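Only the coordinates and a few stated rules stand behind these numbers; no lab work does. Worth saying up front: this structure is predicted, and the values here are computed from it rather than measured. Neighbour counts are summed over all protein chains in view; Cβ atoms, including those assigned to glycine, are modelled from backbone coordinates with ideal geometry.
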Amino acid sequence: MSERTALAELASFIGRSALTSDDMAARNRVLAGMTGRMLPRRRGVGDLLGVVLALSARTRRMVQEPVHIDIDVFAPGGKRALRMSFGKR
């Protein structure tokens, strides 16, 4: 009995989506929005310049030698208070 009720409800279903409306302008707006989200975004000159600068910076960092930083902090009595090292030795 419950299967028949579910089928009856499905048969009487009325779509309420903006795509089912009779207004073609509303339907076209909805379809344009859906396809606009699916298509790749057009990139502007600023976006392309950002990509080029990022790749250039990465290339410079890869080519340069690694940097090693050692910091020694001494107490007033002359003893070492703190030693910090950044980078590989």
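Summary table
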| item | result |
| --- | --- |
| Contour excess over end-to-end distance, with Cα ends at Arg27 and Leu53 and 0.36 nm allotted per residue | 5.2 nm |
| Rg over Rh [alpha-carbon atoms, Kirkwood Rh] for the chain | 1.53 |
| Dipole of the range 2-64 [Lys/Arg +1, Asp/Glu -1 at C-beta], most positive-end residue of Asn28, Ala54, Thr5 | Ala54 |
| Segment Arg61-Ile14, length gained on full extension (0.36 nm per residue, minus Cα span) | 10.8 nm |
